[in-house]
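To start, the structure under review is shown below, and the notes come after it.
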Amino acid sequence: MQKYLITGGAGFIGSNFIRYMLSKSDDITIINLDKLTYAGNLDNLKDIESDDRYRFVKGDICDSGLVNSLMKDVSVVVNFAAESHVDRSIGTPDEFIQTDIFGCFILLEAARKYGIERFMQISTDEVYGSIDNGLFKETDALMPSSPYSASKAGADRLVYSYYITYQMPVVIPRSSNNFGPYQYPEKLISLFITNALDKISLPVYGDGKNVRDWLYVQDNCEALDCILHHGKDGEVYNVGAGNEKDNLEITQLIIDATGNTENLITFVEDRKGHDRRYALDVSKIRSLGWEPRHDFHSALNETVDWYRDNRWWWEKLKSGEYLEYYRHHYKRDL
Ligand code: NAD
Ligand code: TYD
């Protein structure tokens with residue numbers, strides 16, 4: 001029986017990962033520790049909340065007492081918990097340092113005390129910074145450029161130090177930009193799909209030529225599972241599907257899939273320190289046997305369909321506090 005502590009499991013990728021792991025194996029129990037910040041949402045896990053193998057605990061990964069009490073009963077830790085939005089990290093970096101770095105340290109200390117068998121730290125391709133040409137390898141230097149990516153880089157290397165110093169069996173996936181169901185509507189694809197469905201403008205930063213390598217969340221979950229079970233201790237694994245697209249291409253695809261026109265596009269002031277391009281060499285995880293199973297265009301269309309069919313999930317998120325934050329932070333209405 002594998003006993004998991006999954007942190008941040010009420011967020012976008014964490015909730016998809018919990019659903020995936022429960023569907024894959026009977027021989028598993030999962031405790032989901034999540035603080036339920038603005039991005040954490042129990043609606044993401046409604047369909048599995050009464051599963052006997054699953055337990056939700058509301059709490060903070062920075063709470064050492066709570067973390068230790070949960071760590072006693074588990075053998076595997078997967079740390080998704082983080083503040084995850086670059087724009088918010090530019091406005092208010094405090095929580096990023098606290099959760100993404102200090103929270104990770106609290107988990108590591110408890111994992112060390114209880115002799116955890118596997119500690120998977122969910123890192124990101126953003127730790128490398130921007131690359132104009134070519135692909136980042138796992139051994140390349142980390143040059144993060146936002147408070148978000150810098151805090152993720154700090155945690156990434158802190159986890160590695162526990163492998164070198166204490167021989168903790170850690171693995172560190174660095175995935176590229178995910179998209180799919182249950183993504184809080186503040187990231188490019190989830191924001192633009194939900195705006196487009198409501199015929200609200202799509203705010204493209206700068207010239208719209210920034211490039212990301214888009215990864216369907218289901219493919220990412222399979223990659224994380226593969227790394228968890230087949231990754232070597234102390235190793236980093238890039239995860240990407242090779243779907244390099246600039247933001248205007250993504251915007252056009254969403255406009256087409258929702259039956260809108262280019263009139264919906266508004267060019268707005270660029271993000272501060274905006275990384276131009278992310279791109280990964282994924283030969284290392286490919287050698288573990290993983291490859292993405294979803295075609296990008298089909299997965300994007302399915303994602304549009306999901307948001308079209310699940311207004312109950314996102315409409316209530318885009319009201320009240322969300323609109324206030326949007327107005328205050330971006331100095332414009334939605
Ligand atoms: P998300 O913002 O949707 O979810 C984060 C979750 O963490 C939320 O449920 C939130 O309530 C929880 N959380 C935040 N602070 C916490 C704390 N102190 N204690 C306990 N729980 C806390 O994020 P996501 O997009 O699902 O990303 C999950 C992880 O994957 C993050 O570590 C992120 O850096 C990493 N990642 C994301 C992407 C992406 O494209 N979304 C790509 C690569 C890596
Ligand atoms: P985002 O989804 O925030 O992911 P990240 O910055 O972590 O890669 O943004 C993806 C790209 O889309 C990035 O180049 C910024 C751009 N973007 C916009 O142009 N407009 C928006 O409203 C958002 C949220 C992002």
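Every read-out reported here was derived from the displayed coordinates using simple, explicitly stated rules and does not represent laboratory data. For clarity, every value in this text was computed on a predicted model and none was experimentally measured. Neighbour counts run over all protein chains shown; Cβ positions are idealised from the backbone, glycine included.
Each 5 Å bin from zero holds the following percent of Cα-Cα pairs in segment 36-79: 5, 16, 26, 24, 22, 7, 0. Applied to segment 279-292, the Karplus parametrisation 6.51 cos²θ - 1.76 cosθ + 1.60 on θ = phi - 60° returns per-residue 3J(HN,Hα) values of 7, 10, 7, 10, 5, 5, 6, 4, 6, 7, x, 7, 8, x Hz, with x for Gly and Pro. Rounded to two decimals, the Cα-based Rg/Rh of segment 170-230, with Kirkwood Rh, is 1.08.
Let me have the relative contact order for the chain, percent, based on Cα pairs under 8 Å that are six or more residues apart. Relative contact order for the chain comes out at 17 percent.
What translational D, rounded to a whole number of µm²/s, comes out for segment 187-263 from Stokes-Einstein when the hydrodynamic radius is the Kirkwood one over Cα pairs, at 10 °C and 1.306 mPa s?
Working: Rh = 14.4 Å.
After rounding, the answer is 110 µm²/s.
Built from the Cα atoms of segment 204-248, the convex hull projects on average onto 4.1 nm², one quarter of its surface area. In this rough spin-label picture, where each label sits 7 Å from Cα along the Cβ direction, the Asp305-Glu291 distance is 2.4 nm.
With a sphere of radius 14 Å drawn around the Cβ of Asp73, what net charge do the other residues whose Cβ falls strictly inside it have (Lys, Arg +1; Asp, Glu -1)? Can you show the working numbers first?
Values: positive: Lys3, Arg53, Arg55, Lys72, Lys113; negative: Glu117.
Taking every Cβ under 14 Å from that of Asp73, the sum is +4.
Within straight cross-link reach of Lys3, meaning Cα distance under 18 Å, which aspartates and glutamates are found once same-chain residues fewer than 8 apart are removed? Within the straight-line cut-off, Lys3 pairs with Asp26, Asp27, Asp34, Glu49, Asp51, Asp52, Asp73, Glu117, Asp225.
Please arrange Trp290, Trp314, Trp306 by counting, for each residue, the other beta carbons lying within 10 Å of its beta carbon, fewest first. The partial results should precede the final answer.
On the way: Trp290 19, Trp314 22, Trp306 16.
Ascending Cβ contact count within 10 Å gives the list Trp306, Trp290, Trp314.
For segment 226-278, what does the alpha-carbon gyration tensor say about shape, rounded, prolate or oblate, given a ≥ b ≥ c as the root eigenvalues, a/c under 1.5 as rounded, and a/b over b/c as prolate?
Values: a/c = 4.42, a/b = 2.03, b/c = 2.17.
Oblate, because a/c is 1.5 or more while a/b does not exceed b/c.
Principal axis analysis of the Cα atoms in segment 233-334 yields extents of 46, 33, 27 Å, listed in decreasing size. Taking every C-alpha pair closer than 8 Å and separated by at least 6 residues, the mean separation divided by the residue count of segment 131-218 gives a relative contact order of 25 percent. Once backbone amide H atoms are built at 1.01 Å from N, Val268 has Val204, Tyr205, Gly206 as its partners under 5 Å, excluding neighbours fewer than 5 places away on the same chain. Taking each of Lys152/Lys232; Lys46/Lys232; Lys187/Lys245; Lys24/Lys46; Lys46/Lys245 in turn, the alpha-carbon distance tops 23 angstrom for Lys46/Lys232; Lys46/Lys245.
Contact order, relative form, for segment 177-298: 38 percent (alpha carbon pairs under 8 Å, 6 or more residues apart, mean separation divided by residue count). Calculate I(q)/I(0) for segment 9-63 by the Debye formula, one identical point scatterer on each C-alpha and no solvent, and give its log10 at q = 0.27, 0.28 Å⁻¹ to two decimals. Each listed q maps to, in turn, -1.14, -1.21. With N counted as the residues of segment 107-171, its alpha-carbon radius of gyration over 2.2 N^0.38 Å works out to 1.24. The convex hull of the Cα atoms of segment 40-108, projected and averaged over all directions, covers 5.6 nm².
Put simply, the Cα atoms of the chain extend 57, 44, 38 Å along their principal axes, the longest span coming first.
What FRET efficiency comes out for Glu262 versus Asn133 if R0 is 25 angstrom and r is the Cβ-Cβ distance? Round to the nearest 0.05.
Values: r = 29 Å, r/R0 = 1.16.
Working from the Cβ atoms, E equals 0.30.
A convex hull fitted to the Cα coordinates of segment 1-150 yields 129 cubic angstrom per residue.
Compute the signed sum of charges (Lys and Arg +1, Asp and Glu -1) over the other residues within less than 9 Å, Cβ to Cβ, of Ile31. Write down the numbers at each step before the final one.
Details: positive: Lys3, Arg55; negative: Asp73.
The answer is +1.
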